[in-house]
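Participant: After the structure tokens below, expect a handful of questions from me.
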Amino acid sequence: MAMDLNLLTLFTAVAECGNFRAAADRLGVTRSAVSQGVQRLEETLEQPLFRRTTRSVRLTEEGERLLQAVSNPLAEINAALESAQSATGAPHGLLRVTATSIAERFLSGPLITSFVEAYPGITFDVTVNDEEFDIVAAGYDAGVRLGEVIERDMVAVPLTGEQRQVAVATPGYLERHGVPRRPRDLAEHRCIGWRPAFDTAPYRWEFERDGRAFDMAVEPQVTTNDMLVMLRTSLAGGGITFGIEETFQPYIERGELVTLLDDWLPPFTGFYLYFPSRRSVTPKLRALIEHVRKYRDIGPQA
């Protein structure tokens, strides 16, 4: 059965993006070209690959099987083509990375700036997302997360050393409301918490003492899904907030924020750049991997 293999590229883009318009934008073609191409593929295979509604596009059972069968081979082919194209020149193309909002070292600016300066042929697309999901199915080349949440079938490259969560507040707030000496004292304080979405419970603050780890629902008076809102509210004297120490470090060093409950907050495994082990590493991703390794070794001021 003769088949235009470009149709498989259209199919996987729609499957990964979840709609035809986003797939068209990714591929740089019109929406009608994507829709007609998928329709041709369905006619060739004589079976529907998507369930279409006015609001969504979902894979059928046959579509799921096809995606599983072709996604890795297509990725290998694309990686081989990129390697061939880059053999006589610098890495180039679109590099898509997703990162958690708390990956301060990655998102703060210097790492990304120095990378794009070193590789002007690479278009670097960074999506900040705190949800856990399959980066391969979503069409990302790599992700940045804490090591403890990365799947075992991924290759993980250290981005930072050990990290630590801290509770912080302004000196003025602590003068007015007192200093908590143990986690249970937080019940008497105004806390500023984080939640991933409006319909989920606020993140439970995690502590450890004498080798025993535990977490607490602090019932924050202020909740948000934006770390910057948490930081600004706390800096304004709004209460105690909680997060990765690197996020607060400049304000701690200037005395604008004070860390609390330090004896209850030991370090843990840090952040990693991760990517699928079952796919070939493209030149553009290899460039990012080497940049991350160099950045970690010599630091942002080098």
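The values are calculated or read from the model by the stated rules, or taken from the named source; none is laboratory data. Quantities reported herein were computed from a predicted structural model and do not represent experimental measurements. Quick reminder, even Gly has a Cβ in these numbers, built from the backbone with ideal geometry, and neighbours come from all protein chains shown. The protein model used for the area step is the full one, side chains on, heavy atoms only, and it has no ligands, DNA or RNA in it. Shrake-Rupley method; radii C 1.70, N 1.55, O 1.52, S 1.80 Å.
Participant: Would you grab the residues whose amide H sits under 5 Å from the one on ARG190? Only those 5+ places off in sequence or on another chain, please, with H modelled 1.01 Å from N.
Facilitator: Those lying under 5 Å, H to H, from ARG190 are ILE240.
Participant: Right, here's the next one. Placing +1 at every Lys and Arg Cβ and -1 at every Asp and Glu Cβ, with all other atoms neutral, what dipole size does the chain have around its Cα centre, in debye to the nearest 20?
Facilitator: I would put it at about 340 debye.
Participant: While we're looking at this one, here's another question. Quick check for you: with a 1.4 Å probe and neighbouring chains kept, what is the accessible area per residue of the chain, in Å²?
Facilitator: Solvent-accessible surface per residue comes out at 54 Å².
Participant: GNM, the chain, Cα, under 10 Å: largest mean-square fluctuation among ALA137, ALA90, ALA213?
Facilitator: ALA213
Participant: A further question follows. Return the whole-Å distance between the Cα centroid of the stretch 1-70 and the Cα centroid of the stretch 128-160.
Facilitator: Each part reduced to its Cα centre gives a spacing of 25 Å.
Participant: Say we join alpha carbon atoms closer than 10 Å with springs in a Gaussian network model of the chain; which of ASP153, ASP199, ASP215 then has the biggest fluctuation?
Facilitator: Answer for the Gaussian network model of the chain: ASP199.
Participant: For a quick check, take a GNM of the chain with Cα springs below 10 Å and name the residue from ALA187, ALA13, ALA167 with the largest mean-square fluctuation.
Facilitator: ALA187
Participant: Could you tell me what percent of the accessible area of the stretch 163-267 is made up of carbon and sulfur, with a 1.4 Å probe and every protein chain present?
Facilitator: 46
Participant: With unit charges on the beta carbon (Lys/Arg positive, Asp/Glu negative), name the residue among LEU67, VAL168, THR9 whose Cα is farthest towards the positive pole of the charge dipole of the chain.
Facilitator: Selected residue: THR9.
Participant: If you don't mind, another one. Compare the Cα positions of ALA187, ILE135, ALA90 along the charge dipole of the chain (+1 at Cβ of Lys, Arg; -1 at Cβ of Asp, Glu; about the Cα centre) and return the one farthest towards the positive end.
Facilitator: ALA90
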